[in-house]
Amino acid sequence: MSQIQPLTDWQHSHPLITEMMALQECSWFNPGIAPAAEGLADVGLSAADVADASARLQRFAAYFRQAFPETAASAGILESPLLAMPAFQDALGRRHGMDLSGRLWLKADSQLPISGSIKARGGIYEVLKHAEDLALRHKLLSPDDDYAKLDTPAARALFSRYKIAVGSTGNLGLSIGIIGAKLGFHTTVHMSADARQWKKDMLRAHGVTVVEYSSDYSAAVAQGRQQAQSDPACHF
């Protein structure tokens, strides 16, 4: 077993740690950051993939308006409000002695509908993609259909034959758990010890199976992946 590196060694190799321990204001910028053109090339996605995802969310808009009435105001699109922040903009200007032109806005992803965090986008989208694939494969749906038909007993009966599993500290589990259970999937969220109790309670209230671990996030993810690998009907 390797020995734990002494704190003094960390302070020597990373002087910023000393500033943080002294509760001093500090900042850190990743020295290994790559130019956008280089980084985006490694992602493996193109503008066509973005357009495909956008079109899928548009197809599901009718489903959301019916299954989640709170999305009606945004026409069934999972969107968060854009809030003007004039007081914060004035405070920044005074602090830095600058006249900040334009207007400062906050993209309040903490107010995204359904699960209330930025994970409502990626987590929910992945479940939608999986549900659409299954519905198309089983001839329950065609791309030109009204997707509100996925909020029906027939659709839920189909999805109940399948399972979804995820490892999470909370927010990702909320998004996947809520949408998965709503569609009818048998959904299990493997949650680490640092997950908030209210998030576990909310998931269970939606009919989600919550498995708790006394260890950290990596153990929850490993267990969730193991469950999925041992069951061909389970999507991780």
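Listed by chain and number, the lysines whose C-alpha is less than 23 Å from the C-alpha of residue 119, apart from same-chain residues fewer than 8 away, are 107, 129, 163, 182, 199, 200.
Applying a DSSP loop filter and a limit of 16 other Cβ atoms within 10 Å to the chymotrypsin sites (Phe, Trp or Tyr not before Pro) in the stretch 1-99 leaves 28, 29. Out of the trypsin sites (Lys or Arg not before Pro) in the stretch 65-159, which ones are loop residues according to DSSP with at most 14 other C-beta atoms within 10 Å? Passing both the DSSP loop test and the Cβ count: 103, 139. Taking the longest Cα principal axis of the chain as reference, the axis of helix 47-59 is set at about 50 degrees. Directionally averaged projected area (the stretch 126-224, Cα convex hull): 6.1 nm². The sum of -39500 (n - 2.57) across all DSSP H runs of n ≥ 4, divided by the residue count of the chain, sets its helix-only mean residue ellipticity at 222 nm to -14000 deg cm²/dmol. Subtracting the Cα-Cα distance of residue 205 and residue 94 from 0.36 nm times their residue separation leaves 35.3 nm of extension gain. To the nearest ten degrees, helix 171-183 and the longest principal axis of the Cα atoms of the chain are 10 degrees apart. The charge dipole of the chain, taken about its Cα centre with unit charges on the Cβ atoms of Lys, Arg (+1), Asp and Glu (-1) only, comes to about 800 debye. With an 8 Å Cα cut-off and a minimum separation of 6 or more residues, compute the relative contact order for the chain in percent. Dividing the mean separation by the residue count of the chain yields 14 percent.
Every read-out reported here was derived from the displayed coordinates using simple, explicitly stated rules and does not represent laboratory data. Only a predicted model underlies this, so the values are computations on that prediction, with no experimental measurement involved. In this analysis, Cβ positions are derived from the backbone assuming ideal geometry, glycine residues included, and neighbour counts consider all displayed protein chains.
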